[in-house]
Amino acid sequence: MEQQTSLFNGVHLILACAGSGKTTALVDRFLSLISNGIQPHEILMITFSKKAATEMRERLEKAYHQEQLYFDEKQLEVYTFNAFGYQLIK
């Protein structure tokens, strides 16, 4: 019996060069998961730089407001690798 894979199962990793649309792809994926019933606090997004994490958070908040979805910004789990490690240790 073959197991079907779902777009919503598992971890997704995006490796690409600067300016290729990584943040846009992650924001679109996040919104797709939310529209299919996943709660924001169930999604973890990790990036390398603080600038990228801030950009991702801002885009998510903007997209949420455009879609007229309301949420508590504290539910967004957007971290740098260092910040996520610190949260684990803390």
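General remarks:
- Leu60 vs. criteria buried (at least 17 other Cβ atoms within 10 Å of the Cβ) and either at pLDDT below 90 or in contact with an Asp or Glu (Cβ under 9 Å, 6 or more places away or on another chain) (or both): yes
- When the stretch 13-27 is filtered for residues that are of a type in the set (A, V, I, L, M) and part of a helix (DSSP H, G or I), the ones remaining, listed by number, are Ala25, Leu26, Val27.
- Some residue of the stretch 28-44 being among the basic types (Lys, Arg), assigned to a helix (DSSP H, G or I) and either at pLDDT 85 or above or open to solvent by less than 60 Å² (accessible area, probe 1.4 Å) (or both): yes
- Flag for Thr47 being open to solvent by less than 70 Å² (accessible area, probe 1.4 Å) and at pLDDT 90 or above: no
- Taking first residues from the stretch 51-71 that are in a helix (DSSP H, G or I) and partners that are at pLDDT 80 or above and of a type outside the set (A, V, I, L, M, F, W, C), the Cβ contacts under 7 Å between residues at least 6 apart in sequence or on separate chains come to Ala52/Thr23; Ala53/Thr47; Ala53/Tyr79; Ala53/Thr80; Glu55/Thr23; Met56/Thr23; Met56/Thr47; Arg59/Thr23.
The values are calculated or read from the model by the stated rules, or taken from the named source; none is laboratory data. Model, not experiment: these values are computed from the prediction. Glycine also receives a Cβ, built like all others from the backbone with ideal geometry; neighbour counts cover every protein chain displayed. Areas reflect the complete protein model, heavy atoms only, side chains present, ligands, DNA and RNA absent. Shrake-Rupley method; radii C 1.70, N 1.55, O 1.52, S 1.80 Å.
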